[in-house]
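Below you'll find the structure, written out as structure tokens, and then a few comments.
The values are calculated or read from the model by the stated rules, or taken from the named source; none is laboratory data. The shown structure was predicted, so the numbers you read here are calculated from the model rather than taken from an experiment. Ideal geometry is used to build each Cβ from the backbone, glycine not excepted, and the neighbour counts take in all protein chains shown.
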Amino acid sequence: MAKRRQTDRDRLRIMSKGVWKATVGGRRLKNLRTDRGFHRLVALMRLANQIRFVNLAALQNDLTDSPPDRRQLNQSYFFALALVFEGWELTKRLGQHYRDRDSFKNGLGAMLKDPGIKAFVANALRRVRNSAMFHPDEDEVGRCLAEVNNETEVVMSGVKEWAGTTYYELADMLLYATLVGPCSSQVEFMTKYRAAMDTSKKILGRFLRAADVLIVDVLEESRPKFESIKLLHVPEKGGTAMERALRRMKRLP
């Protein structure tokens, strides 16, 4: 007697129970191994993992104004921006395989066509990725320092003598100057800063959602099998780290 095929209701029921996994095997997995489009989709999965990893670096902290929490929040934000730039060309290549799918056209494809996003990626995110996050550039640091006109700057901060809480504040504050680009006045900086923050927040959320939609759409064709996973270690009182992080997400600006 043939096994009953899993339905969407079955999958939702399994997912609602807690920890779960989805597997693909047999002939379907064999076909995916030689599928160039799927190779690029897996690269997108890896990129989504990386962005969520840096996001949780902030969300698993207490989101206070303490030095380590501000360090985690700033580094998470700028690393995520750099990763979006890193995946931009990959997104274009994914279009070679999935451009006719609504899951691509209405998500990543729409972002690729948005002139505002394209300009922001080509300029602001390129600077962040190339001159600050992946390749700290002393020349860019010098340019940003030349624009600083405050009488004093916080260079570093921390909590007691705990090395893990040390925050080199000046280094991160200059990241915002890299994000917005050269400015001739504080007024110009603030105008560009507000625009950059607004655009970047939209891009970060939109990119991840679009990636998820495309990945799930493609994987559904391989009919993955959903199963519950029993954890070997019970979370401590107060919920798992992920549950605490999701609660803290609501406190982000």
Give all pairs with beta carbons closer than 8 Å in which a residue from region 104-117 that is under 10 Å from PHE207 (Cα atoms) meets a residue that is surrounded by 19 or more Cβ atoms within 10 Å (Cβ to Cβ) and aromatic (Phe, Trp, Tyr); count only pairs at least 6 apart in sequence or on separate chains.
LEU108/PHE207; MET111/PHE207
Pairs with Cβ under 8 Å, 6+ apart, first in region 132-160 and of a type outside the set (Val, Ile, Thr), second surrounded by 10 or more Cβ atoms within 10 Å (Cβ to Cβ) and assigned to a loop (DSSP other than H, G, I, E, B):
ARG143/PRO182; GLU147/PRO182; GLU147/CYS183; MET156/THR166; MET156/TYR168; SER157/THR166; GLY158/THR166
Condition test on LEU145, is it surrounded by 14 or more Cβ atoms within 10 Å (Cβ to Cβ) and aliphatic (A, V, I, L, M)?
no
Tell me, please, whether a residue that is crowded, with 20+ Cβ neighbours inside 10 Å and either within 19 Å of the chain's Cα centre (by Cα) or of a type in the set (D, E, K, R) (or both) can be found in region 34-49.
yes
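Only one residue in VAL187, VAL218 is among the β-branched types (Val, Ile, Thr) and over 27 Å from GLU140 (Cβ atoms), so which one is that? Spell out the reasoning first.
Values: VAL187 fails: over 27 Å from GLU140 (Cβ atoms).
Exactly one of VAL187, VAL218 is among the β-branched types (Val, Ile, Thr) and over 27 Å from GLU140 (Cβ atoms), namely VAL218.
Kindly provide the set of residues from region 204-216 that are buried (at least 16 other Cβ atoms within 10 Å of the Cβ) and either out of contact with any helix residue (DSSP H, G or I) (no Cβ under 6 Å at 6 or more places or on another chain) or at pLDDT 95 or above (or both), ordered by number.
Let us first name the residues in region 204-216 that are buried (at least 16 other Cβ atoms within 10 Å of the Cβ), namely 204, 206-208, 210-211, 213-215.
Result: ARG206, PHE207, LEU208, ALA210, ALA211, VAL213, LEU214, ILE215.
Residues are listed down the side, and each one gets a yes or a no for (1) more than 27 Å from the chain's Cα centre (by Cα); (2) under 23 Å from ALA80 (Cα atoms); (3) not polar (S, T, N, Q):
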{"site": "ASP114", "(1), (2), (3)": "no, yes, yes"}
{"site": "PHE120", "(1), (2), (3)": "no, yes, yes"}
{"site": "HIS135", "(1), (2), (3)": "no, yes, yes"}
{"site": "VAL141", "(1), (2), (3)": "no, yes, yes"}
{"site": "VAL154", "(1), (2), (3)": "yes, no, yes"}
{"site": "GLY158", "(1), (2), (3)": "no, no, yes"}
{"site": "TRP162", "(1), (2), (3)": "yes, no, yes"}
